[in-house]
Amino acid sequence: MARIGEIVATSSSSLTAASFALHQPPPLGSLVKVTVEEGQRRVYGVVSFGTTTGLDPGRRVVRRSTDDVQDAAIYAEHPQLDKTLRTEFQALLVGYDGPDGRTYQHLPPQPPPLHYSVCACDADEVRRFSQRHDHFRVLLQTMGEIPAEQLLAAHIREMYRARGNDAEWLAAAARQVAALLKGEYDRLMGVLQAIEPA
Amino acid sequence: MPLDFAAIQPQIAQMIGRAQTQSTADQLQAACELLRTTDSARLRQVLQERQQRDRIPWLVATPRGQIGARHAVGPLPGPDFSVLASDGSSIPPDRHSPLRFFLVNVGLALLTYGRRPDAQLWAQSRFRSDEQDIYIRTEGRRIPMEGARMGLQMALDELQALWEAAQDVGSGSPLLALRDGSLIFWALQSEEEAVVGHFLPQILDCLDRFRMAGIPIGSFISYPGAQDVANTLRLLICGQDPKHCGQCAGATDQERSLCRAVADFRDQALFLRHLRPGERSTVFDSSSTILDRYGEQRVQFAYLHTGDEIARLEAPQWVMSDETMRDFLFAAVMDQCRRGRGYPACLMEAHEQAVITTGERYLVEQMVEETLAERGLVYVRSAKDRSKRERGV
């Protein structure tokens, strides 16, 4: 599976990775993995944030566009931007493969190591992990840049799409959300409206 | 302790008051008029006579064309071209340390434009502690590498790194090599011959490699402080031997007033009024005596209105006398200033690669201290240094 990033910050609850593709972090809510212990086990994360900034915090991003040069053309006009900008993404840790071969959907015992590669989960891994919804609770308890309900909704949309628009799965996921947010009508409606298929 | 701002503020106001006067503006106009109307053939003759007759205590510039000429910078040779720049920073020898070493970090930027835009940014760090690197030996003495000599070493490292990098660039499209700062190494003039003999041949050898490879090399000086052209105008204003400037007896009041004003003008002030954005001056020869030892690499200069300021561009005469190379130099620099919002983008990126942060300087010192400790050696700095670091009360 192709590597999409390298971990540049890690903790018990999340990881931050430098994306290999500028401006292209993995989709918000998608499932990613880090393979640890010499390829034996995986730690799973849900992409919770993406950003592109200057590599050097001391250098401000300045306006580059002119009447003649805009958008993508700016990068041909200033080729050094590929080397002086960086895209990073964060992923909340939502599960891991235990030593008994089972996959658990709660925080892993240890953070994944720095400089390890982050990969997107393949279709089989997405299908197996999303069979259970225990990790929804982890996503709802997060306090990050994005409201927890929006992050959960993005994750459900990504899993629904990766499972081939599995309507049955979506309905089950919606029931789980309703159970978790039964005392919080506004938050519940926020999620349900955001995951309703077009 | 904090600065006494109450004392400083009125002094700042006085300084500004002295700088901005109507008479200064009038004198600048008169100087520019002189620039526009002087016949350069006559000027070159006057310069030659005066330099033979008198000892001119300041640098003057001999124009290759009309002194007041304005040349519009032409277009780039095509959409595909590259600019390679270097810049350097250093950790100089520390007299408070028991060990003598220095570090030069050369930043490099290769920016390619056109059908295949690309950028390569990197740095080369050179740590020096060998006897032959940290001293120049002469007649049983050791001349330490410090102060102005450190600056020369850094300039040499920048040029050599620029050459090494230039060799790896494909020859498919035009390449310009550019450095920040002067190519006229004035500092050598006040050094003893052993130092000149150490640096100058290496510098000239490096420039010659560019010549043999057909790669134009130049340097860019932002907001230059030079007065070469202004000094030349002084020789036109007054025909007296400059040794009489203190008495200034032979000049008329008008000549005296204009000469004194011009003596304070920088060339960049003259050309800011004289040139329009996108224009360059004629090429000038400097009278700096160190250039007499440059041979084929003798450096010439010209002023360029970048749109934001007057910059001084220097290059060996083999670049300035080759129309294709010269035009490419000025066109590429104008283009770089446009992309870099007033300053060449490649020099900006080379500088960023070269910068040594305070943290990194401290880290180098830590590395030295830890390596000493591994070998059971104690690292003791001077008492003065320790007192500055402690700052106890």
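Tabulated values for the structure
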| item | result |
| --- | --- |
| Residue among B:288, B:387 that is at pLDDT below 95 and under 30 Å from residue B:56 (Cα atoms) | B:288 |
| Subset tally (residues that are in a strand (DSSP E or B) and not polar (S, T, N, Q)) for region A:22-45 | 10 |
| Test: residue in region B:275-291 that is within 20 Å of the chain's Cα centre (by Cα), of a type in the set (S, T, N, Q) and within 14 Å of another protein chain (Cβ to nearest Cβ) | no |
| Residues that are modelled with pLDDT of 95 or more, of a type in the set (Asp, Glu) and out of contact with any Ser or Thr (no Cβ under 7 Å at 6 or more places or on another chain), drawn from region B:297-331 | B:322, B:323, B:327 |
| Residue that is modelled with the lowest pLDDT [pool: residues in region B:22-53 that are within 22 Å of residue B:269 (Cα to Cα) and charged (D, E, K, R)] | B:26 |
| Selected residue (criterion: modelled with the lowest pLDDT) from residues of region B:102-143 that are among the polar types (S, T, N, Q) and part of a strand (DSSP E or B) | B:138 |
| Search result, residues across region B:63-107 that are closer than 21 Å to residue B:186 by Cβ and free of Cβ contacts under 8 Å to residues at least 60 places away in the same chain | B:92, B:104 |
| Search result, residues across region B:349-386 that are within 14 Å of chain A (Cβ to nearest Cβ), free of Cβ contacts under 8 Å to residues at least 40 places away in the same chain and either crowded, with 19+ Cβ neighbours inside 10 Å or in a helix (DSSP H, G or I) (or both) | B:358, B:359, B:360 |
| Within region A:51-161, helices (runs of 4 or more DSSP H) holding 3 or more residues that are more than 22 Å from the chain's Cα centre (by Cα) and closer than 24 Å to residue B:109 by Cα | A:73-77, A:81-84 |
| Only one of A:86, A:64 that is of a type in the set (D, E, K, R), under 18 Å from residue B:119 (Cα atoms) and touching a helix residue (DSSP H, G or I) at 6+ places or on another chain (Cβ under 6 Å) | A:64 |
| Residue satisfying condition, being within 18 Å of the chain's Cα centre (by Cα) and more than 14 Å from chain B (Cβ to nearest Cβ), within set A:39, A:45 | A:45 |
| Region B:83-105: number of residues that are away from every other protein chain (no Cβ under 12 Å) and touching a Gly at 6+ places or on another chain (Cβ under 9 Å) | 8 |
| Yes/no for residue B:257 being at pLDDT below 95 and among the hydroxyl-bearing types (Ser, Thr, Tyr) | yes |
| Set B:159, B:121, B:108: member being under 22 Å from residue B:207 (Cβ atoms), within 14 Å of another protein chain (Cβ to nearest Cβ) and touching a helix residue (DSSP H, G or I) at 6+ places or on another chain (Cβ under 9 Å) | B:108 |
| Single residue of B:315, B:331 found to be assigned by TED's automatic domain parsing to the domain that holds residue B:219 and not in a helix (DSSP H, G or I) | B:315 |
| Answer from B:97, B:86 - the residue that is at pLDDT 95 or above and either under 30 Å from residue B:264 (Cα atoms) or not basic (Lys, Arg) (or both) | B:86 |
| Among (1) touching a residue at least 24 places away in the same chain (Cβ under 8 Å); (2) out of contact with any Asp or Glu (no Cβ under 8 Å at 6 or more places or on another chain); (3) in a strand (DSSP E or B), the one test that residue B:189 misses | (3) |
| Qualifying residue in region B:207-214 (condition: assigned to a strand (DSSP E or B) and either touching a Leu at 6+ places or on another chain (Cβ under 6 Å) or at negative phi (or both)) | no |
| Subset tally (residues that are within 14 Å of another protein chain (Cβ to nearest Cβ) and surrounded by fewer than 21 Cβ atoms within 10 Å (Cβ to Cβ)) for region B:321-338 | 2 |
| Residue match in region A:11-21 (condition: modelled with pLDDT under 95, within 14 Å of chain B (Cβ to nearest Cβ) and not in a strand (DSSP E or B)) | no |
| Any pair with Cβ under 8 angstrom, 6 or more apart, that starts in region A:57-82 at a residue that is more than 9 Å from chain B (Cβ to nearest Cβ) and more than 20 Å from residue B:355 (Cα to Cα) and ends at one that is β-branched (Val, Ile, Thr) and surrounded by 13 or more Cβ atoms within 10 Å (Cβ to Cβ) | A:65/A:74 |
| Residues of region B:6-62 that turn out to be without any contact (Cβ under 8 Å) to a residue 60 or more places away in the chain, surrounded by 10 or more Cβ atoms within 10 Å (Cβ to Cβ) and not in a helix (DSSP H, G or I), as a count | 2 |
| Among residues of region B:72-91, those that are part of a loop (DSSP other than H, G, I, E, B) and surrounded by fewer than 17 Cβ atoms within 10 Å (Cβ to Cβ), counted | 6 |
| Which listed residue is under 27 Å from residue B:115 (Cβ atoms), touching a strand residue (DSSP E or B) at 6+ places or on another chain (Cβ under 7 Å) and modelled with pLDDT of 95 or more, from A:79, A:26 | A:79 |
| Subset of region B:306-320 [touching a strand residue (DSSP E or B) at 6+ places or on another chain (Cβ under 8 Å) and surrounded by fewer than 23 Cβ atoms within 10 Å (Cβ to Cβ)] | B:309, B:317 |
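The values are calculated or read from the model by the stated rules, or taken from the named source; none is laboratory data. Here the structure is a predicted model, which means the values were calculated and not measured. Glycine gets a Cβ as well: all are built from the backbone with ideal geometry, and neighbour counts include every protein chain shown.
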